[in-house]
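Below you'll find the structure, written out as structure tokens, and then a few comments.
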Amino acid sequence: MIYILHDNAGEETIHIKGELHKYLIKVRRHQEGDELLFRTKQKIQTLYHYKIDSVDGRTLTLSLVSSKIKEVKSHKELHLAWCVIDVKSIEKVLPSLCEIGVSKITFILCERSQKNFKLDFKRFERIAEASMQQSGRTSIMEFDTYKNISTFIQEFPDTKVFDFTENILSGESDFKRVLIGCEGGFSKNEKELLKTQEVFRLDSPMVLRSESAVMAVASKILL
């Protein structure tokens, strides 16, 4: 863990209890005199340096040593438009997408998306925050949703599309927004709608699952 998100970060003294106390003492084996880094979501660009003053069975008391502005974010921005798939599959790759620097994910109900999946953005945010603390990232990943591809393309006409084509994504490609389909790909109607967009594929003969495609494309563009 690079830093800890805590609502009271920035105060002269903070007291840690509960699960975080248990994690820091029993898992990380921290003790009196150790120094830890904290941030708060309200001022996440500021890195706070704390020292453990005392440890007891339920409370960890720390005092502020110093603070400084230190941002950690990707050199590029990437907005993923992702047709909805199984939420469990989304949650598995969210930490990695956060680590490599994806700035925003828009979930779209495509024609082949199963409509029974419920997107829990609060849970997604908690997963992303845990990844941020592990990776050091300081930019907040955004989430939203659109009811269909047509509405999204109307608002973001610069969107590139990952699909079957002869156009292979090159290592020098640099764009800010990409649409990736769900399992089974885009429907006939959606392909017709997207025929005016720039379409690309990866240089692989294998057919990728939706979550694999998201990871591969994001990595190719951002890393």
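The values are calculated or read from the model by the stated rules, or taken from the named source; none is laboratory data. Fair warning: this is a prediction, and the values are worked out from it, not measured in the lab. Glycine also receives a Cβ, built like all others from the backbone with ideal geometry; neighbour counts cover every protein chain displayed.
Odds and ends about this structure:
- The residue that is farthest from GLY184 (Cα to Cα), among those in the stretch 60-74 that are assigned to a loop (DSSP other than H, G, I, E, B) and more than 15 Å from the chain's Cα centre (by Cα), is LYS70.
- Members of the stretch 1-59 that are among the small types (Gly, Ala, Ser), over 27 Å from ILE140 (Cβ atoms) and not in a loop (DSSP other than H, G, I, E, B): SER54
- Candidate set: the stretch 15-29, residues that are more than 25 Å from the chain's Cα centre (by Cα) and touching a residue at least 24 places away in the same chain (Cβ under 8 Å); chosen: the one farthest from LEU62 (Cα to Cα): ILE25
- Within the stretch 102-124, considering residues that are β-branched (Val, Ile, Thr) and not in a loop (DSSP other than H, G, I, E, B), the one farthest from ASN189 (Cα to Cα): ILE105
- Taking the stretch 175-220 as the range and being within 24 Å of the chain's Cα centre (by Cα) and in a helix (DSSP H, G or I) as the test, the residues that pass are SER210, GLU211, SER212, ALA213, VAL214, MET215, ALA216, VAL217, ALA218, SER219, LYS220.
- Exclusive hit being touching a residue at least 40 places away in the same chain (Cβ under 8 Å) and either in contact with a Leu (Cβ under 8 Å, 6 or more places away or on another chain) or within 30 Å of ASP163 (Cα to Cα) (or both), set GLU91, GLU99, GLU12, GLU71: GLU12
- The condition of being touching a Lys or Arg at 6+ places or on another chain (Cβ under 8 Å), in contact (Cβ under 8 Å) with a residue 60 or more places away in the chain and either farther than 28 Å from ILE2 by Cβ or in the same structural domain as ARG39 (by TED's automatic domain parsing) (or both) holds for only one of THR165, THR138, THR159, that being THR159.
- Members of the stretch 142-177 found to be among the aliphatic types (A, V, I, L, M) and touching a Ser or Thr at 6+ places or on another chain (Cβ under 7 Å), listed by number: ILE153
- Taken over the stretch 101-128, the criterion of being within 30 Å of ILE69 (Cα to Cα) and surrounded by fewer than 16 Cβ atoms within 10 Å (Cβ to Cβ) is satisfied by PHE121, LYS122, ARG123, ARG126.
- Exclusive hit being of a type outside the set (A, V, I, L, M, F, W, C), within 12 Å of the chain's Cα centre (by Cα) and surrounded by fewer than 17 Cβ atoms within 10 Å (Cβ to Cβ), set GLU142, GLU155, GLU172: GLU142
- Residue check for ARG58: at pLDDT 95 or above, basic (Lys, Arg) and surrounded by fewer than 16 Cβ atoms within 10 Å (Cβ to Cβ): no
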